[in-house]
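Below is one structure; the comments refer to it alone.
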Amino acid sequence: MAKGKAGQVQAETALVVPKEVEEELTLLRGFRDLVAERTGYALGVIALNAQMKEETADQRKASNEARKYLKQNIEVFVKNGDYEGYKQAVENVKKASEALKEARKPHMAKITPLRRAIKYIDNVAVPQSLEQLGVKVQPAFSLSDWIKKAVESKKRK
C-alpha cells in the first residue's frame, strides 16, 4: 500500500462501473460526437455560403437588375404593344439567371453534400441515437420555457 504525504495509508481500489452506466456513457459519447459532426457541417455550410455570396455578387446583381427592369416595365410593354422589348427583357433575365446558376455551380457542389448530411443526421441518426438512449421523441407543438427565453433574447440583440 502507498503512503500519502501525511503518512496516511491509501487503499488502492479499483473503480467498478456498472455495465448499464458504461453502456450509457458510450452512447452519450457517440451522441456528443454526432452533434459535434452535425454542427461542423452546419458551420461549413455557413462559411461556404458566405464565400459563394461574395464570389457571385456581380452575377446576382445583374440577375436582380434584369428582373427589376422587367417588373418595372411590364406595363409599358403591354401599353405600347412592345412585344419585342418584352421578349428582349425576358431573354436578359434568362441569360442573367443562367450566368448566376453557372457561377453558383462549383459552390453548390461543395454545399449540397453538407446539407444532405445535416438532413440525414437530423432525420435519421439523432432520432436513432435518442431511441438507443431510451428517449422517446414526440412531435412538439409549443416551445419550452427555456427556448422561448433564448429566442426572445436573441431577437432583442
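For the chain, adding -39500 (n - 2.57) for each run of n ≥ 4 DSSP H residues and dividing by the number of residues yields -26500 deg cm²/dmol at 222 nm.
Over 19 Å between Cα atoms: which of K61/K154; K61/K94; K71/K94 fall into that group?
Listed pairs above 19 Å: K61/K154.
The lysines within cross-link reach of K19, meaning a Cα-to-Cα straight distance under 25 Å and a gap of 8 or more places when in the same chain, are K136. The charge dipole of region 50-110, taken about the Cα centre with unit charges on the Cβ atoms of Lys, Arg (+1) and Asp, Glu (-1), comes to about 280 debye, rounded to the nearest 20.
Charged side chains reduced to their Cβ positions (Lys and Arg at +1, Asp and Glu at -1) give the chain a dipole of some 580 debye around its Cα centre. Packing, as the average of other Cβ atoms within 10 Å across residues, places the peptides 62-73, 141-152, 26-37 in the order 62-73, 26-37, 141-152, highest first. Applying the criteria of a DSSP loop state and at most 15 other Cβ atoms within 10 Å to the trypsin sites (Lys or Arg not before Pro) of region 101-137 yields K136. Ranking N80, L100, I46 by how far each Cα lies toward the positive end of the dipole of region 21-134 (charges on Cβ) leaves N80 at the top.
FYI, it's all coordinate maths here, none of it is from the lab. Just so it is clear, the model here is predicted, and its values are computed rather than measured. Glycine gets a Cβ as well: all are built from the backbone with ideal geometry, and neighbour counts include every protein chain shown.
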